[in-house]
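Report on the following structure.
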Amino acid sequence: MLFRGFLILLASFLITPPLIAETLAYKDIDEAVVLAAEQRAIAENKQLLLVLGATWCHDSVALSEQFSEASVQEALNERYVVLGLNVGYLEHGFKTVERYGLPTYYGTPTVLIIDPTERLILNRVDYQIWTSAASMSDEDYQSYFFEQSFQHIDSLVISSSTQAAVFEYEQAQAQRIKAGYAIAGALLKAYKASNEPPTPEFMSVWESVAQYRNAIPRAVGQALATDSAEALPTFAAFPWENRSN
């Protein structure tokens, strides 16, 4: 009888995905899976915690490891439906973020806390900070994800003119960001496959794209927080843009 009970328990374990995989594994992107997670969050009256990461990314790995701690895992599952998605070498994930009003993502990991009913990114102002997840302390994780110390977008009063200006600005910058990703991602993939030190070309493009992609969401977050789009920066052509033409 005890042995039969053990077999039932073992079968249950084999059939049910382990919690760590459910909590945060960077899976190939399937929009049907994203929609299912969104619907599950609505049904369970939870927020959707969407993470776009990559297995080559140090900060994505750090976030995954932190989320996989047993106590963190349990607390996350009480409040969120968590879904990790693999953007590859900055090739995938654009359609996913477009569902929630972003024309692109600006790095890995991109961590979005979403009201699934409204499809509203609640941490819209400062989500970019998690692209430095490896530098975050345990207290940072606790404060952000469980106390939600971030500035909620739905608590802000943002004029229609600011919203329109931000939308147009991000749409324009997103085209350039994606062009940069196409080049930087291909160079990154080649570098990872080579087992050689990074080339000067790769480092130059990677650092240039990184500075650019980080500047955009910070400026947009500031514009939304202050209800003013006047300080949104402009950028001259980058060397890698000449290459892409």
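The values are calculated or read from the model by the stated rules, or taken from the named source; none is laboratory data. What you see is a predicted model; the values in this text were computed from it and never measured. Every residue, glycine among them, receives a Cβ derived from its backbone with ideal geometry; neighbour counts consider all protein chains shown.
Below is a table of values for the structure above.
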| item | result |
| --- | --- |
| Condition met for Q173 (surrounded by fewer than 19 Cβ atoms within 10 Å (Cβ to Cβ) and not basic (K, R)) | no |
| Residue under evaluation S132, criteria (1) touching a Leu at 6+ places or on another chain (Cβ under 9 Å); (2) not in a strand (DSSP E or B); (3) not charged (D, E, K, R), criterion not met | (1) |
| Sole residue being out of contact with any Asp or Glu (no Cβ under 9 Å at 6 or more places or on another chain), of a type in the set (A, V, I, L, M, F, W, C) and assigned by the TED database to the domain that holds N86, chosen from I113, I129 | I113 |
| Scope the range 76-103; condition under 23 Å from V166 (Cα atoms) and free of Cβ contacts under 8 Å to residues at least 60 places away in the same chain; matching residues | V97, E98, Y100, G101 |
| Qualifying residue in the range 171-183 (condition: part of a helix (DSSP H, G or I), more than 19 Å from F94 (Cα to Cα) and either outside the structural domain of D115 (by the TED database) or in contact with a Cys (Cβ under 6 Å, 6 or more places away or on another chain) (or both)) | no |
| From E38, E44, E69, residue being assigned by the TED database to the domain that holds L122 and free of Cβ contacts under 8 Å to residues at least 24 places away in the same chain | E69 |
| Hey, E207 closer than 20 Å to A237 by Cα and either buried (at least 18 other Cβ atoms within 10 Å of the Cβ) or touching a helix residue (DSSP H, G or I) at 6+ places or on another chain (Cβ under 7 Å) (or both) or not | no |
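Matching residues to (1) farther than 17 Å from A210 by Cα; (2) not basic (K, R):
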position	(1), (2)
R40	yes, no
G53	no, yes
E74	yes, yes
E91	no, yes
L112	yes, yes
T131	no, yes
